[in-house]
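> Once you've had a glance at the structure underneath, I'll fire off some questions.
The values are calculated or read from the model by the stated rules, or taken from the named source; none is laboratory data. This is a predicted model, so every value here is computed, not measured. Positions of Cβ are backbone-derived with ideal geometry, glycine not excepted, and every protein chain shown enters the neighbour counts.
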Amino acid sequence: MSRKTVLYVAITAAAATAAFFGGGAISQSLNDDTSTGGCKAALQRDFEANQADARAGRDPQNEGTPSECAGVDNATLERYAGELIEKGLGESLEDAWSSPTPTP
């Protein structure tokens, strides 16, 4: 896979994830008793599924906030989204730069 393709996939996955989180689906109220560990894992699963869809040329299938995130405040969700995007882009860019340059 060429660097351009990998970069395109990384950017597409980031855009899909940004649309996922920015789509107005996050409207739950703050609940201090909610454990956020399950939420982050659910967001990670959805993010990875969206990346796989982008690599396969499909539209992302995971839209909306996972039920595990009910009651998690917006600031925490935004922090998780940033961490996931940063990790995903970092891995994609690392793969792109470590791949050999194709010869024509």
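> Could you give every pair whose Cβ atoms fall below 6 Å, whose first residue belongs to the stretch 68-93 and is touching a residue at least 60 places away in the same chain (Cβ under 8 Å) and of a type in the set (Ser, Thr, Tyr), and whose second residue is surrounded by 14 or more Cβ atoms within 10 Å (Cβ to Cβ) and in a helix (DSSP H, G or I), counting only separations of at least 6 or pairs across chains?
Listed by first residue and then by second, the contacts come to Ser92/Val6; Ser92/Ala10.
> Ser35 is checked against (1) at pLDDT below 75; (2) of a type in the set (Ser, Thr, Tyr); (3) within 12 Å of the chain's Cα centre (by Cα) and fails just one. What number does that condition carry?
(3)
> Here's something else I'd like to know. Name the one entry in Ala54, Ala15, Ala41 that is at pLDDT 85 or above, among the hydrophobic types (A, V, I, L, M, F, W, C) and closer than 26 Å to Leu93 by Cβ.
Ala41
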